Amino acid sequence: IMYDVVFKRQIDCKHPDTLTAWINAQKIKNNDERAPFVDKIVAKDTISKMIGSKYVTPVLWSGKNPEDIPFSELPYPVIVKTNHGSGRNIVLDSLGSTNETDVIEGLRTTLNRRHEIYLRERFYDCIDPKILIESILKDSRGKILDDYKVHMINGEVQFIQIIHDRLGNYGQCFYSPDWGRIY
C-alpha cells in the first residue's frame, strides 16, 4: 500500500522492474532465511564461515543492556550500533567524548525500535536486538575508510555504492557492476 501511494502504481511482485520494487516485493514474502544476513552480529559469523574472519570487522563488545557497556575499557575510537537497525550509529572518539547517559538513552530507544513494524520488513522480527561495538577502521593517514556496499539481486551484482567520509564531509557514489559511474 505504501509503495502504491508513493509511486502511484502497484508492484508486479513476480516481475519487479526496479530495485525499489524488488525490495518492496521481498517485504511481503516469507523471508526468515534472510535473518542471518540482516542481523549484524549473526552476519559476521556467517561471513566468517563463508570467506574467513579476516574480512570481518571484529566485535569488541556486545550485549543487550546499554548500562553494561564498559566505556572505560574500550580501545577508542569506536562505533556503537545495534544489530537490527540502520542509521543510528554512535561514534565515540575517546573516553568522555560523548555523554555516556545520552549514549545509553539513545541505545534504549534504538533497541526498542522494531523494524518489522517501522519498515514493514518481516525478517527483522527474527532478530533479538543487541548492541555491538567495533573499532573504527582508518587508513594510514587516519581517515575513516570508505564504505563499499555491493547491492545484489538473486546472486548478481546490480550496483555498487561507495560512501565517502561517513563522519565528516559525507558523500556517496553509485557504480554499475562494471564500475561505470551511475550517480
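Throughout, read-outs are computed from the coordinates displayed, never taken from laboratory work. Predicted model, so just to flag it, every value in this text is computed and none were measured. Cβ placement follows ideal geometry from the backbone for every residue including glycine, while neighbour counts extend to all protein chains displayed.
Measuring from centroid to centroid over Cα atoms, what is the spacing of region 152-183 and region 30-98 in Å?
Using only Cα atoms, the two centres lie 22 Å from each other.
If you add up the charges near residue 164, with Lys and Arg at +1 and Asp and Glu at -1, over every other residue whose beta carbon is less than 10 angstrom from its beta carbon, what do you get?
-1
With each run of n ≥ 4 DSSP H residues scored as -39500 (n - 2.57), what mean residue ellipticity at 222 nm is computed for the chain after dividing by its residue count and rounding to the nearest 500 deg cm²/dmol? Please report the intermediate quantities before stating the final value.
Working: 6 runs with 48 residues, N = 183.
Calculated from helices alone, the mean residue ellipticity at 222 nm is -7000 deg cm²/dmol.
Could you give the length gained on full extension between residue 153 and residue 91, defined as 0.36 nm per residue of separation minus the Cα-Cα distance, in nm? Can you show the working numbers first?
On the way: separation 62, 0.36 × 62 = 22.32 nm, distance 3.12 nm.
Here the segment from residue 153 to residue 91 would lengthen by 19.2 nm.
For residue 153, what residues show an amide H to amide H distance below 5 Å, using hydrogens built from the backbone and excluding near sequence neighbours?
Those qualifying (amide H under 5 Å, at least 5 residues apart or on another chain) are 158.
Can you tell which of 87, 63, 76 lies farthest toward the positive end of the dipole of region 41-87, using +1 and -1 charges on the Cβ of basic and acidic side chains (Lys, Arg; Asp, Glu)?
So the residue we want is 87.
Please give the contour-minus-distance gain from residue 104 to residue 5: 0.36 nm per residue of separation, less the Cα-Cα distance, rounded to one decimal in nm. Before the final figure, lay out each step's value.
On the way: separation 99, 0.36 × 99 = 35.64 nm, distance 3.68 nm.
Answer, rounded to one decimal: 32.0 nm.
I need the calculated FRET efficiency for the pair residue 14 and residue 125, taking r as the beta carbon distance and R₀ as 25 Å, to the nearest 0.05. Walk me through the intermediate numbers first.
Details: r = 25 Å, r/R0 = 0.98.
Taking R0 as 25 Å, the efficiency between residue 14 and residue 125 is 0.55.
Mind pulling the angle between the C-alpha long axis of helix 40-51 and the longest principal axis of the chain? Nearest 10 degrees, somewhere in 0 to 90.
Here the helix axis deviates by roughly 80 degrees.
Could you work out how far apart the two model spin labels at residue 37 and residue 49 are, taking each label as a point 7 Å from the Cα in the direction of the beta carbon, and quote it in nm?
Result for the modelled spin labels: 1.5 nm.
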